[in-house]
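Q: This is the structure I want to talk about, given as structure tokens.
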Amino acid sequence: MSSYAGRYAELYDTFYADKPYADEAAFVHSCLQKYSVGTTKRLLELACGTGSHALALEKFGYEIVATDYSNDMLARARHKAIQASSTVDFRWQDMRALDLPDLPFDAVICLFDSIGHVETNDALTQVFQGVHRHLRPTGLFIFEFWHAGAMLRSYEPVRIRRWFMPEGELLRISETTLECARQLCHVTYTVYEMRNDRTYSSFKETQVNRFFLLQEMAGWLSSKSFTPLKWFAGFTEDEDITEDTWHVVAISRRP
């Protein structure tokens, strides 16, 4: 699993400040309303990060338990929850070993391609079994994954992004390599914090994310007693998955 710890966790919301969390949460809400059998009220989120999706979904009236394996990310999420007067219950959990006493849930969600942090087949089996165990019958499992078609064809070996801050400048260099045999993408981030007083600091963060083909993921779901319902090209109603589709949102149901 990737780290998401320390200074990287502190800067995470800066790195993804332009991500449309509210729009993505609205799309997930529409899918929950459209494909749920019966009332869907209680949600379990896996790999919630700093809690942005959970806090946005709460506004639609859901009761949410949001989990992550990074204590540093959870600290940021809890701080944001206090500021927003939120009742989202943030808890430490490793999605490979889900063990929550207050099951079952009406739906489980796992967004921002976080299912890909589970690198091996054995670990992925543990995740699907845990999700199945924590869902009520007919409950939905909604998750997002990196699409192999786009990753293999169009990944960028090096990317550079810059942010201007009141205290100075933030620079992030992303260096990506693929391990095709294991369908893994290794990304090393080098982050430079250049301050107005002409001092600077830097650190590195390495993350690993698995990518999947659509039919491969359909096979995983079916073999773990889920029924695939829909595949969307990102958080849209577009069902045309092509080699240019980077992110797939899967809608599935526990029979």
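Q: Residue check: is Thr50 in contact with a helix residue (DSSP H, G or I) (Cβ under 9 Å, 6 or more places away or on another chain), among the β-branched types (Val, Ile, Thr), under 30 Å from Gln183 (Cβ atoms) and at pLDDT 95 or above? Before the answer, list the steps.
A: Working: in contact with a helix residue (DSSP H, G or I) (Cβ under 9 Å, 6 or more places away or on another chain): yes; among the β-branched types (Val, Ile, Thr): yes; under 30 Å from Gln183 (Cβ atoms): yes; at pLDDT 95 or above: yes.
Here the answer is yes, as Thr50 does meet what is asked.
Q: Still on this structure, please answer the following. Sort out which residues of region 96-123 are in a loop (DSSP other than H, G, I, E, B), among the aliphatic types (A, V, I, L, M) and under 29 Å from Gly38 (Cα atoms), and write them in order of number. Can you show your working first?
A: Step one: list which residues in region 96-123 are in a loop (DSSP other than H, G, I, E, B), which gives 98-104, 111-113, 118-120.
Cutting the leftovers down to among the aliphatic types (A, V, I, L, M) gives us 98, 100, 103, 111, 118.
Scanning region 96-123 gives Leu98, Leu100, Leu103, Leu111.
Q: Hey, could you check region 131-143 for residues that are part of a strand (DSSP E or B) and within 16 Å of the chain's Cα centre (by Cα) and say which is surrounded by the most Cβ atoms within 10 Å (Cβ to Cβ)? Spell out how you get there, then give the answer.
A: Within region 131-143, the first condition is being part of a strand (DSSP E or B), and the residues that meet it are 135-143.
From what is left, the residues that are within 16 Å of the chain's Cα centre (by Cα) are 141-143.
Numbers: Phe141: 27, Ile142: 24, Phe143: 24.
Checked region 131-143; the qualifying residue surrounded by the most Cβ atoms within 10 Å (Cβ to Cβ) is Phe141.
Q: Among the residues of region 98-110, is there at least one that is within 26 Å of Thr188 (Cα to Cα) and touching a strand residue (DSSP E or B) at 6+ places or on another chain (Cβ under 7 Å)? Working first, answer last.
A: So the first thing to find is which residues in region 98-110 are within 26 Å of Thr188 (Cα to Cα), and the list is 110.
From the residues that got through so far, the ones that are touching a strand residue (DSSP E or B) at 6+ places or on another chain (Cβ under 7 Å) too are 110.
Within region 98-110 (the criterion being within 26 Å of Thr188 (Cα to Cα) and touching a strand residue (DSSP E or B) at 6+ places or on another chain (Cβ under 7 Å)), the answer is yes, since at least one residue qualifies.
Q: Is it the case, given these coordinates, that Ala123 is at pLDDT 95 or above, over 22 Å from Val28 (Cα atoms), surrounded by fewer than 21 Cβ atoms within 10 Å (Cβ to Cβ) and of a type in the set (Gly, Ala, Ser)? Before you say what the answer is, go through the steps one by one.
A: Numbers: at pLDDT 95 or above: yes; over 22 Å from Val28 (Cα atoms): yes; surrounded by fewer than 21 Cβ atoms within 10 Å (Cβ to Cβ): yes; of a type in the set (Gly, Ala, Ser): yes.
When the stated conditions are applied, Ala123 passes them.
Q: Looking at Cys110 and the list (1) at pLDDT 95 or above; (2) surrounded by fewer than 17 Cβ atoms within 10 Å (Cβ to Cβ), which single condition is not satisfied?
A: Every listed condition holds for Cys110 apart from (2).
Q: Does Ser86 satisfy the criteria of being at pLDDT below 95, in contact with an Asp or Glu (Cβ under 7 Å, 6 or more places away or on another chain) and over 30 Å from Leu229 (Cα atoms)? Break it down stepwise before answering.
A: Numbers: at pLDDT below 95: no; in contact with an Asp or Glu (Cβ under 7 Å, 6 or more places away or on another chain): yes; over 30 Å from Leu229 (Cα atoms): yes.
Considered against the rule, which asks whether it is at pLDDT below 95, in contact with an Asp or Glu (Cβ under 7 Å, 6 or more places away or on another chain) and over 30 Å from Leu229 (Cα atoms), Ser86 comes out as no.
The values are calculated or read from the model by the stated rules, or taken from the named source; none is laboratory data. Computed from a predicted structure; not experimentally measured. Using ideal geometry, Cβ is built from the backbone for each residue, glycine included, and neighbour counts are taken over all protein chains shown.
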